[in-house]
Amino acid sequence: MVRVEFLGPIQKDALALEITNLNELATILQKDEALKEWLATCAVAVNDTIVTSLEYELKDGDKVSLLPPVCGG
Amino acid sequence: MVRVEFLGPIQKDALALEITNLNELATILQKDEALKEWLATCAVAVNDTIVTSLEYELKDGDKVSLLPPVCGG
Amino acid sequence: MLYLQDGSLDVPKILKEWHEEEATSNYGAFISFVGTVRSEDGIDGLSFDIYEPILQSWFALWQQKAKERGAVIKMAHSRGDVMLHASSYIAAVFSPKRRVALEFIDAFVEDFKASAPIWKYDLKDGKRVYAKERSTAINGSGILGEKQ
Amino acid sequence: MLYLQDGSLDVPKILKEWHEEEATSNYGAFISFVGTVRSEDGIDGLSFDIYEPILQSWFALWQQKAKERGAVIKMAHSRGDVMLHASSYIAAVFSPKRRVALEFIDAFVEDFKASAPIWKYDLKDGKRVYAKERSTAINGSGILGEKQ
């Protein structure tokens, strides 16, 4: 099971999904109308490290985080 | 009479000279062996404004200052 | 040193502490940047969410970069609400010589704005509104979106 | 604000005062640079001569430049002796937004080093030795020297 968290302003509870890579996650999340606008601008971290390839393999226990556009300071 | 001051590390008392421009001052100061090394690196101010031309006219009561290389901070 | 706290930062106190921490470290240059909430667009203040695990690793990378140049970086940031004219962010660099400090503070603050996992909200009319227009997508964003 | 004093500067006190002076001026960015005497080459400290009339007019020009960008500059400097690990120089910029502050502090500190009429001496073995090798001739220097 992979846990998917939505950070900051994305108002959505975490998901627990049976997936093996980020491609599968993209397919699932693109079906959620409320998420569509976020997906285009969110960065993705696996176990708190930013990843930039959809081919990234996921294993049981991994945590995926979606990070929308940031503005600290 | 024009007053000539030597600032910072130049160990020399002020002079009072009858001169009408910086060219005349250069001629006088170049005769002072102890000043030679300073003249090549000093900036010149007339009445506290930096000037960069030897043709600058001086009048009675003017103050000329020699500013050696600086290092604040 | 990365210091996070609820609410606004006590700027003089934090600058004093940091200055004292490095008082005998033989750094010739100490430069600090303070971010303060400005009155604009009728806001009452700002509010912040922070995702700490990634902020910590982002900061550790910068600390490593600083160390390679003989410098040290410190940073403080607020969580939650910070009202008008109060401060939410302090960054500081200590280094032996001035050029490293001047270059690091600029690069650090700009990368902080572009990459640090912190989300800003306007506090306005009792609501907390995501500052979407002022936010920056992190490098590498968008991979989960539909192919263009 | 240009503040000159005999001996070392009380850094936390000055930063606190400046911060308080601008606490409600609605500046979003406050950046400060502090110069501290480093232990090197066996010195016991540094000593400074300042020629105030030209320093004042140099500073007034910078204040005017800052004003045109909606910013304010403050500066403090020591006269006379400042011992190891004590501070002799503080510069600060307050501005509405961060870019102006980051760019001004860099340009101001560099022009200060190249132009401000301040002379530095090493304090070593009870003597006050002009720091000739670290000093910079002001732009336009040398007109009184012999023609090359």
Checklist entry - For the stretch A:34-70, which residues satisfy the criterion of being among the aromatic types (Phe, Trp, Tyr) and within 20 Å of residue C:113 (Cα to Cα)? => result A:38
Item to check | Any hit, the stretch D:75-97, residues being closer than 30 Å to residue C:82 by Cβ and surrounded by fewer than 21 Cβ atoms within 10 Å (Cβ to Cβ) | outcome: yes
Checklist entry - In the stretch C:66-97, what residues are over 14 Å from the mean Cα position of the chain (by Cα), in contact (Cβ under 8 Å) with a residue 12 or more places away in the chain and within 19 Å of residue C:28 (Cα to Cα)? => result C:66, C:69, C:70, C:71, C:72, C:94, C:95, C:96, C:97
Checklist entry - For the stretch B:39-46, does any single residue satisfy the condition of being farther than 30 Å from residue D:2 by Cα, without any contact (Cβ under 8 Å) to a residue 40 or more places away in the chain and over 9 Å from the mean Cα position of the chain (by Cα)? => result yes
Checklist entry - Looking at the stretch A:31-54, which of its residues are charged (D, E, K, R) and either closer than 27 Å to residue C:56 by Cα or in a strand (DSSP E or B) (or both)? => result A:48
Checklist entry - Do you know which residues across the stretch D:9-41 are surrounded by fewer than 19 Cβ atoms within 10 Å (Cβ to Cβ), part of a loop (DSSP other than H, G, I, E, B) and more than 7 Å from chain C (Cβ to nearest Cβ)? => result D:10, D:22, D:25, D:40, D:41
Checklist entry - Name the residues in the stretch C:124-148 that are touching a residue at least 12 places away in the same chain (Cβ under 8 Å) and either buried (at least 18 other Cβ atoms within 10 Å of the Cβ) or at the interface with chain A (Cβ under 7 Å from one of its Cβ atoms) (or both), would you? => result C:131, C:134, C:135, C:136, C:138
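Please work out which residue is surrounded by the fewest Cβ atoms within 10 Å (Cβ to Cβ), limiting yourself to the stretch C:98-123 and to residues that are within 11 Å of chain A (Cβ to nearest Cβ) and within 20 Å of residue D:27 (Cβ to Cβ).
Residues of the stretch C:98-123 that are within 11 Å of chain A (Cβ to nearest Cβ), as a first pass: C:109-122.
Checking the rest, the ones that are also within 20 Å of residue D:27 (Cβ to Cβ) come to C:109-110, C:112-113, C:120, C:122.
Details: C:109: 24, C:110: 13, C:112: 23, C:113: 19, C:120: 23, C:122: 19.
Among them, the one singled out is C:110.
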Checklist outcome for this item: Picked from the stretch D:47-85 (must be assigned to a loop (DSSP other than H, G, I, E, B) and more than 11 Å from chain B (Cβ to nearest Cβ)), the residue nearest to residue D:119 (Cα to Cα) is D:84
Item to check | Yes/no for residue C:50 being buried (at least 16 other Cβ atoms within 10 Å of the Cβ), modelled with pLDDT of 95 or more and out of contact with any Asp or Glu (no Cβ under 9 Å at 6 or more places or on another chain) | outcome: yes
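The values are calculated or read from the model by the stated rules, or taken from the named source; none is laboratory data. Just so you know, these numbers come straight off a predicted model, no measurement behind them. Neighbour counts run over all protein chains shown; Cβ positions are idealised from the backbone, glycine included.
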